[in-house]
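Trainee: Submitted below is the structure of interest, expressed as structure tokens.
The values are calculated or read from the model by the stated rules, or taken from the named source; none is laboratory data. Predicted, not measured: the structure shown is a model, and the values here were computed from it. Every residue, glycine as well, gets a Cβ built from its backbone with ideal geometry; the counts of neighbours run over all protein chains shown.
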Amino acid sequence: MKFVTFSHKKAGHHHHAGVLDGEQVACLTEAGLAASVLEIVQGAKSALDKIRGGLTQAPRYALADVTLEAPIRPGKVLCSGINYKGHAEENPNAKMPTEPFFFAKLPSSVVGPDVPVEKPVRSEQMDYEVEFTAVIGKPLHKASEFDVMAAIFGYTLLNDISARDVQFKDSQITIGKNFAGFAPIGPCIVTADELTRPDDVALKTRLNGKLLQNGSTSDWLFSLPRLISFLSHYVPLEPGDLVSTGTPAGVGAFQKPQIFMKAGDVVEIEAAGIGVLRTPIVAG
């Protein structure tokens, strides 16, 4: 299933949990099946079984008539740094890592599909990164690699927007990655049972329609079990947390010449099986 959070004028513009079904959204909240997508993630199999049993009775809205929001409000957003061979090779300053590297995107930076994001006044190097992202479904702490996949609820997309001139100056990675709106996620969360090969997912980024990233998770340096097991030995993970897996080659900072986003641009990131996450850039 593909879970979304949405609002609709007929539903009072409230935040509702829904299931994306082609060009329709089935409203789980109005059907009494789930108040939020986070509730579904926390409820795991029992929540999914309840939804499957009652889905046919859920009110439906045309996708064109609803506003999709960030599919979940995560407690933590933890992002893998250099985790694609191609991205490591395109960065002249990168060293091939011997173990995973992580940084945090703050939950306050999370926005949903089609939400305008301001180009910061304090940056002239606003960059994009398509990132395939796991949604944690069960607590993980000091987990073995063997235990990881069973604890993943599903997958979504994250655009790891970055202010490179801030990020690279004095290693200000936290500030450079966390301007307002710098963590668009969505458009949905696809359950793990429907996306069974996370290690072979095509990823793309288009800026104003021009294809700039065209990669695949098959280029990972570290597998998903390795990434999340490693991380869980340092940071306890909880249901609803997001763990991104890095970005493939083609980011703006390493284009020749460099390409950075500006007001008026539209960036779209895409993953096979998940969909397209669109973000317009506006003046700050």
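Every residue, every condition in (1) touching a Lys or Arg at 6+ places or on another chain (Cβ under 8 Å); (2) in contact (Cβ under 8 Å) with a residue 12 or more places away in the chain; (3) among the aliphatic types (A, V, I, L, M); (4) crowded, with 19+ Cβ neighbours inside 10 Å, yes or no:
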{"position": "151", "(1), (2), (3), (4)": "yes, yes, yes, yes"}
{"position": "168", "(1), (2), (3), (4)": "no, no, no, no"}
{"position": "196", "(1), (2), (3), (4)": "no, no, no, no"}
{"position": "231", "(1), (2), (3), (4)": "no, yes, yes, yes"}
{"position": "245", "(1), (2), (3), (4)": "no, yes, no, yes"}
{"position": "258", "(1), (2), (3), (4)": "no, yes, no, no"}
{"position": "264", "(1), (2), (3), (4)": "no, yes, no, no"}
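Trainee: Answer yes or no as to whether residue 180 is closer than 13 Å to residue 132 by Cα, surrounded by fewer than 22 Cβ atoms within 10 Å (Cβ to Cβ) and either in contact with a Ser or Thr (Cβ under 8 Å, 6 or more places away or on another chain) or modelled with pLDDT of 95 or more (or both).
Mentor: no
Trainee: Could you list, in sequence order, all residues of the stretch 189-232 that are part of a strand (DSSP E or B) and of a type in the set (D, E, K, R)?
Mentor: Those that are part of a strand (DSSP E or B) and of a type in the set (D, E, K, R): 204, 206, 210.
Trainee: Do you know which of the residues in the stretch 252-278 that are of a type outside the set (Gly, Ala, Ser) and within 13 Å of the chain's Cα centre (by Cα) is farthest from residue 114 (Cα to Cα)?
Mentor: Here the residue is 274.
Trainee: Considering the stretch 41-56 alone, what residues qualify as being over 18 Å from residue 189 (Cα atoms) and either surrounded by fewer than 11 Cβ atoms within 10 Å (Cβ to Cβ) or in the same structural domain as residue 192 (by TED's automatic domain parsing) (or both)?
Mentor: Answer for the stretch 41-56, where residues must be over 18 Å from residue 189 (Cα atoms) and either surrounded by fewer than 11 Cβ atoms within 10 Å (Cβ to Cβ) or in the same structural domain as residue 192 (by TED's automatic domain parsing) (or both): 53, 56.
Trainee: Would you mind finding the one in 69, 90, 30, 99 that is more than 17 Å from residue 136 (Cβ to Cβ), in contact (Cβ under 8 Å) with a residue 40 or more places away in the chain and touching a His at 6+ places or on another chain (Cβ under 9 Å)?
Mentor: Sole residue among the options that is more than 17 Å from residue 136 (Cβ to Cβ), in contact (Cβ under 8 Å) with a residue 40 or more places away in the chain and touching a His at 6+ places or on another chain (Cβ under 9 Å): 69.
Trainee: I'd like to check which strands (runs of 3 or more DSSP E) are fully inside the stretch 1-113 and have at least 3 residues that are of a type in the set (A, V, I, L, M, F, W, C).
Mentor: Where strands (runs of 3 or more DSSP E) fall fully within the stretch 1-113 and carry at least 3 residues being of a type in the set (A, V, I, L, M, F, W, C), they are 2-7, 16-21, 24-27, 77-80, 102-105.
Trainee: Mind listing just one residue for me: the one in the stretch 114-157 that is outside any strand (DSSP E or B) and among the aromatic types (Phe, Trp, Tyr) and, of those, nearest to residue 181 (Cα to Cα)?
Mentor: Ranking the candidates gives 128 first.
Trainee: Let me spell it out: the conditions are (1) touching a Phe, Trp or Tyr at 6+ places or on another chain (Cβ under 8 Å); (2) surrounded by fewer than 16 Cβ atoms within 10 Å (Cβ to Cβ), and residue 200 meets all of them except one. Which number is the exception?
Mentor: The single condition residue 200 does not satisfy is (1).
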